[in-house]
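Please treat every number below as a calculation from the coordinates, not as lab data. Model, not experiment: these values are computed from the prediction. A quick note on method: Cβ atoms are made from the backbone with ideal geometry, for glycine too, and the neighbour counts reach across all protein chains shown.
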Amino acid sequence: MAESLATRRGTLGVPTFMPDATRAGVRTVTSEDLRGVGIGAVVVNTFHLLRRPGIKLIQQHGGIHRFMDWDGPILSDSGGFQVWSLIRQDPAHGVIRANEVIFREPTTGEKWTLTPERVVQLQFQMGSDVVVCLDDPTAADDPDDEQERSVERTVSWARRSREEYERLGGQLKADQAPPLIFAVVQGGALERLRRECATALAAMSFDGFGFGGWPLDADGSLLSEPLGWVADSLPAEVPKHALGIGRPDHVVTAHALGYSIFDCALPTRDARHGRLYAFRPGAAAAAPKPGDRFYEAIRIMDPPYRADQAPVEDGCDCPVCARYSRAYLHHLFKVGDVSAERLATLHNLRFYARLMEVLRA
Ligand SMILES: [Zn+2]
């Protein structure tokens, strides 16, 4: 397994969890807050930033790092997954073709065209440290012919992305280090396709690989077998990114299969809904194994916490647990104080950072 992720803005110990700063911000917290809870890198979304505020505006600010005041590594997701999800919800949103993706804004009708080349250009323009190729996602239960087509496109788009990356890298000044480039593996839950896609992409020697598509089956279970096939078909030492994964127990399973980079909106979204993660007593002392029940999710607005003077988690070293009780957080949520979401977010991000620390040790 990869032991670190070396980017032009520093080397990250792995496994590493990168919160989703989809629109150039992790909701309710600042870059300084992220540092304070042990976050080393963040993920932004190229497609969403293209829509708003526009990549040109970010460029005018001197790049994405200065725009959002984050000087650590930034991985920019292509946005292929988000466009696919929106078009899947409502085909009127656009169309995915062999050579391009077209998206129409539901309210204004404004049209965006994404090609593999354009998506790499946009990531260079914003100054991302890890560029991700445009891919054509699927869900595990999509028909076989769609999975075939998705792999065909994903491999062809990765080749075009790689060529554009080489071209743009050649234009950098001598003292400018190039970003890394990751490709994304598709193939749904079909072993032959997952392996073929991984092998074809590995032959193009990318710096890292993502496990693509919707990562859960129809019952909400993690696609553990496909995750294993993909990891097994890729070079052992190259970093593998479990895109959008996920729940703490899913992270532990994917890590055991060889994945070392994680990003997910779950800890921050759950925090804003008063759902807080905590290690079970003693469970933070050693690395959890797949299947271990090492954590619980506390619904802080539930009645038992109304007068609970304990911190969210005994033994948590986050700035919230050091100062406040469950009862105080319960109260802030109940009265609708906006700081409730911020405090909960800080705790949950620290929980994920601590999970990475125990898995690393
Ligand atoms: Zn805490």
Inset, instruction - Pop out the ³J(HN,Hα) list for the stretch 289-296 in order, Karplus 6.51 cos²θ - 1.76 cosθ + 1.60 with θ = phi - 60°, rounded to Hz; leave Gly and Pro as x. - result: 10, x, x, 5, 9, 9, 9, 9
Inset, instruction - Order the peptides 340-352, 166-178 from the highest to the lowest mean number of other Cβ atoms within 10 Å of their residues. - result: 340-352, 166-178
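Among bridges DSSP assigns within the chain, what percent are antiparallel (round to 5)? Provide the component values of the computation, followed by the final result.
Values: 17 of 39 bridges.
That works out to approximately 45 percent antiparallel.
Evaluate E = 1/(1 + (r/R0)^6) for M1 and A310, where r is the Cβ-Cβ distance and R0 equals 45 Å; express this FRET efficiency to the nearest 0.05.
Working: r = 37 Å, r/R0 = 0.82.
After rounding, the FRET efficiency stands at 0.75.
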Inset, instruction - Return the distance in nm (one decimal) between the two label points of a simple spin-label model at D175 and W112, each offset 7 Å from Cα along Cα→Cβ. - result: 3.5
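Can you tell me how much longer the chain between D219 and D144 gets when fully stretched, taken as 0.36 nm per residue apart minus their C-alpha distance, in nm with one decimal? Intermediate results must be reported in sequence, preceding the final value.
Numbers: separation 75, 0.36 × 75 = 27.00 nm, distance 1.89 nm.
Length difference between fully extended and current span is 25.1 nm.
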Legend entry - Residue-wise HN-Hα coupling along the stretch 104-110, computed from phi with Karplus coefficients 6.51, -1.76, 1.60 (Hz; x: Gly, Pro): 10, 5, x, 8, 9, x, 4
Inset, instruction - Please report how far the C-alpha centroid of the stretch 40-66 lies from that of the stretch 75-118, rounded to the nearest whole angstrom. - result: 17
Inset, instruction - Considering Cα pairs under 8 angstrom that are at least six residues apart, work out the relative contact order of the stretch 71-152 and quote it in whole percent. - result: 34
Legend entry - Under the Karplus curve 6.51 cos²θ - 1.76 cosθ + 1.60, θ = phi - 60°, whole-Hz ³J(HN,Hα) for the stretch 246-253, x wherever Gly or Pro sits: x, 4, x, 5, 5, 4, 4, 5
Inset, instruction - Could you calculate the contour length gain from R35 to R280, that is, 0.36 nm times the residue separation minus the distance between their Cα atoms, to one decimal place in nm? - result: 85.7 nm
Inset, instruction - Evaluate the relative contact order of the chain (contact order divided by residue number), counting alpha-carbon pairs under 8 angstrom at least 6 apart; express in whole percent. - result: 17
Inset, instruction - Could you let me know the centre-to-centre spacing of the stretch 292-306 and the stretch 230-287, using Cα atoms, in angstrom? - result: 19
Inset, instruction - Report, by chain and number, residues whose modeled amide H sits under 5 Å from the one on V132, excluding near sequence neighbours (fewer than 5 apart, same chain). - result: S76, S78, F182
Inset, instruction - Sticking with the crude label model, points 7 Å out along Cα→Cβ, report the distance from E166 to N99 in nm, one decimal please. - result: 2.1
Inset, instruction - Take each of the peptides 52-62, 260-270, 214-224, average the number of other beta-carbon atoms within 10 Å over its residues, and list them starting from the highest. - result: 260-270, 214-224, 52-62
Legend entry - Cα-centre dipole for the chain with unit charges at Cβ (Lys and Arg positive, Asp and Glu negative), debye to 20: 980
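Please give the contour-minus-distance gain from A265 to R23: 0.36 nm per residue of separation, less the Cα-Cα distance, rounded to one decimal in nm. Mind dumping the intermediate values first?
Values: separation 242, 0.36 × 242 = 87.12 nm, distance 1.20 nm.
Value of the extension gain: 85.9 nm.
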Inset, instruction - Go ahead and run the numbers for FRET between S205 and R66, Cβ-Cβ distance against an R0 of 30 Å, rounding to 0.05. - result: 0.45
